[in-house]
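Visitor: Okay, handing you the structure first.
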Amino acid sequence: MNAAVEIDVKSEAEAFLIAEARLLDAGRFDEWLALFAEDGFYWVPAAPGQSDPLNHLSILYEDKSVLGMRVRRLGHPRVYSAQPAPRTAHLVGNVTAAPGAEPGVDCEVRSTVMMAEYRPGQAADRRLWAGQQTHKLRRTPEGWRIVLKRVDLIDCDAVHGILAVPI
Amino acid sequence: MPDSIAPDALRRLVLPDRVHRSLYTDPAIFDLEMTRIFGRCWLFLAHESQIRAPGDFVRARLGREDVIVVRARDGRIRALVNRCTHRGAQVCQAERGNTAGFACPYHAWTFGLDGALNSVPHRQSLPPDFDLKDPRLALAAVPRVESYRGFVFGSLAPGGESLVEHLGPIAAVIDNVVDRAPDGEIEQAGGVARQEYRGNWKLHHENANDTLHPGFVHESSVSAARGDPRDYAAPAYDGHQTHTQMLSNGFGVREWQSLSLTGFPAGHSYMGGFYRGGVLSPDRDDPVWREYRARLVARHGEEKTARVLGEDRFNNLLYPNVSINAQYQQIRVVTPLAVDRTRVTAFCFRLKGAPEALFHRAVRFLTNLSSPASMILSDDIEIFERVQGGLANSEPEWLDQSRGLGADRTEAGGRTVSAGLSELPHRAQYAAWLRYMTAAA
């Protein structure tokens, strides 16, 4: 792979992350869900450097099917923990891309993500979620698909309030 | 100590069918709860598996006290107040670990695992009668610490009923979770989930055995699960457990009413028959369960195994601070921080001798129910906060808890029993609350 191709992959990956962030900020969760491969997982660990989602609690560890329920729930007229709907602003930076190191993964993208969240209503929370994220991506005829999205929050093991929307 | 609220004034705030809003909003009542309930009752502190070896410690909160639960060299478990006896700094910052003793970072006073003051620097500058053995110089110790089958409780009252007396029949849930282990032992594992909400601590307990709310509060998760085109025969990373956990709140009123609720004079309560419906029953006919059951039969025999696994009590509240679910080995500790702020700490147990995959189900249950991103607890917490917001209004003054009133049956030992849709657990909790709050020291 020559340098020009690497730069292409990196900018393509960066564009993908930005597009993903915009879907989340717009609350277009159905379209966000469609970015996941059928065998894709979304993981937000609950311990720094967590290596195992089965033997240790996670903030969230879901396959596409369970994530589908989460997204459907967010579309329900009486999903109280997300009403009024949280408003978010994602910022993705420090993006690097490397070839995938496992079967079915074409590209592994690392980045830093920050999500400012405002929950209107009586709580009127303003919160900042931040951490490193890893996207394992697969190239398909329809475009990149997420095989694993992992978000390692800097405060993953802290006391939290409700996290109603995906980061 | 605030002792300013007369018993008669408290009695006017708690009636069988209603309680006054000030129980949730008045800081003076909260202060008195910290003295009379959390300052006297047996409170869950830790599980012995967290402090197995000498020097092992874990932090806990006992009422207002920040305590270190520690196993000393002689094997004895103590709960020491995390405050240097010199200038008051905390002597322990870690949540959990192993240590030879506790050294204050400020002026290097050092304390043993039993809390005794071992050394101070620059002895020659202290008065001649300064005595390291003076008990006032040792870390303050919680006066009573007792274990029940590995569950460590502490009480700030120097006397009073024993732990076993306080727990009474609700101790059966501890027996049940331990008896479910093929090796006869359980251990805390898989991490700890912590959440805080802006609401009174009692809102959590009232909600746990309130069977009318799930159909409304959890409608969005039930609906999302029902709309799922799911093939149960297909393998799933979570054994379809997330789906069934969300569905489990979807009983109709007839099913909820067919359950039973039991309350005890000490304030404890549980829901009976919840797993009978089968939706969330851990007793699934799959290879993991069959292997687990076989191992349990090897320990207990068929008859006792059937009895242990057939025990069907959900959301066992051990008043005032802990809730246990034996079927999925879950425990939830409720810590009041202020009249309108509460912390919920949840973890799970590994049943020693059970297949590893069974522990994965406990971890999954914990993630689904107690994580900040829980699709279930998040809606409960949202409602607690809305209740707290609503109760900030001065009118109306009362909260109604009359559902099922008149149908409660009182049985031997003072336990009360009702059908599933009753607010009996509320009434049991407030009868106990009033007794604790008006008891003489």
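Visitor: Considering only region B:131-143, I want to know if a residue exists there that is charged (D, E, K, R), within 30 Å of B:N321 (Cα to Cα) and crowded, with 17+ Cβ neighbours inside 10 Å.
Guide: No.
Visitor: OK, next. Determine whether B:A138 is of a type in the set (G, A, S), farther than 20 Å from B:N316 by Cβ and in the same structural domain as B:W109 (by TED's automatic domain parsing).
Guide: Considered against the rule, which asks whether it is of a type in the set (G, A, S), farther than 20 Å from B:N316 by Cβ and in the same structural domain as B:W109 (by TED's automatic domain parsing), B:A138 comes out as yes.
Visitor: Now for a separate question. Out of the residues in region A:51-74 meeting the condition of being part of a loop (DSSP other than H, G, I, E, B) and surrounded by 21 or more Cβ atoms within 10 Å (Cβ to Cβ), tell me which one is nearest to the other protein chains (Cβ to nearest Cβ).
Guide: A:L57
Visitor: Of everything in region A:79-121 that's loosely packed, with under 13 Cβ neighbours inside 10 Å and within 14 Å of another protein chain (Cβ to nearest Cβ), which residue is modelled with the highest pLDDT?
Guide: Here the residue is A:P84.
Visitor: Taking only pairs six or more apart or across chains, which ones have beta-carbon atoms under 7 Å, a first residue in region B:362-379 that is facing chain A (nearest Cβ under 8 Å), and a second residue that is among the basic types (K, R) and in a helix (DSSP H, G or I)?
Guide: As it stands, the answer is B:M375/A:R70; B:M375/A:R73, since those pairs meet every condition given.
Visitor: Shifting gears a bit: On the given criteria, is B:V222 within 16 Å of B:S323 (Cα to Cα) and either in the same structural domain as B:A298 (by TED's automatic domain parsing) or part of a helix (DSSP H, G or I) (or both)? Even if it seems obvious, please write down each step before you answer.
Guide: Values: within 16 Å of B:S323 (Cα to Cα): no; either in the same structural domain as B:A298 (by TED's automatic domain parsing) or part of a helix (DSSP H, G or I) (or both): yes.
No; evaluated as a whole, the condition is false for this residue.
Visitor: Tally up the residues in region B:202-219 that are farther than 15 Å from B:A346 by Cβ, more than 8 Å from every other protein chain (Cβ to nearest Cβ) and crowded, with 20+ Cβ neighbours inside 10 Å, please.
Guide: Looking only at that region, the number is 8.
Visitor: Looking only at region B:327-356, filter to residues that are assigned to a strand (DSSP E or B) and hydroxyl-bearing (S, T, Y); which one of those is farthest from B:L45 (Cα to Cα)? Break it down stepwise before answering.
Guide: To start, the set of residues in region B:327-356 that are assigned to a strand (DSSP E or B) comprises B:330-338, B:341-351.
Imposing the further condition that a residue be hydroxyl-bearing (S, T, Y) reduces the set to B:335, B:342, B:345.
Numbers: B:T335: 11, B:T342: 16, B:T345: 11 Å.
So the residue we want is B:T342.
Visitor: With the checklist (1) β-branched (V, I, T); (2) within 14 Å of another protein chain (Cβ to nearest Cβ); (3) within 20 Å of the chain's Cα centre (by Cα) in hand, flag the one item B:V387 doesn't pass.
Guide: Failing condition for B:V387: (3).
Visitor: Which condition breaks for B:A234 when tested against (1) buried (at least 20 other Cβ atoms within 10 Å of the Cβ); (2) facing another protein chain (nearest Cβ under 10 Å); (3) in a loop (DSSP other than H, G, I, E, B)?
Guide: Just one mismatch for B:A234, condition (1).
Visitor: Follow-up. Here are A:T96, A:T88: which of them is over 26 Å from A:D8 (Cα atoms) and part of a strand (DSSP E or B)?
Guide: A:T88
Visitor: Answer with yes or no whether A:F36 is under 16 Å from the mean Cα position of the chain (by Cα), within 10 Å of another protein chain (Cβ to nearest Cβ), farther than 28 Å from B:H213 by Cβ and modelled with pLDDT of 95 or more. Outline the logic, then answer.
Guide: On the way: under 16 Å from the mean Cα position of the chain (by Cα): yes; within 10 Å of another protein chain (Cβ to nearest Cβ): no; farther than 28 Å from B:H213 by Cβ: yes; modelled with pLDDT of 95 or more: yes.
No.
Visitor: Let me ask something else. Test of understanding: among B:G263, B:G301, B:G267, which residue is at positive phi, more than 14 Å from chain A (Cβ to nearest Cβ) and buried (at least 19 other Cβ atoms within 10 Å of the Cβ)?
Guide: B:G267 is the lone residue from the list that is at positive phi, more than 14 Å from chain A (Cβ to nearest Cβ) and buried (at least 19 other Cβ atoms within 10 Å of the Cβ).
The values are calculated or read from the model by the stated rules, or taken from the named source; none is laboratory data. Note that the structure is predicted; figures quoted are calculated from it, not measured. Here Cβ is always computed from backbone atoms with ideal geometry, including for glycine, and neighbour counts include all displayed protein chains.
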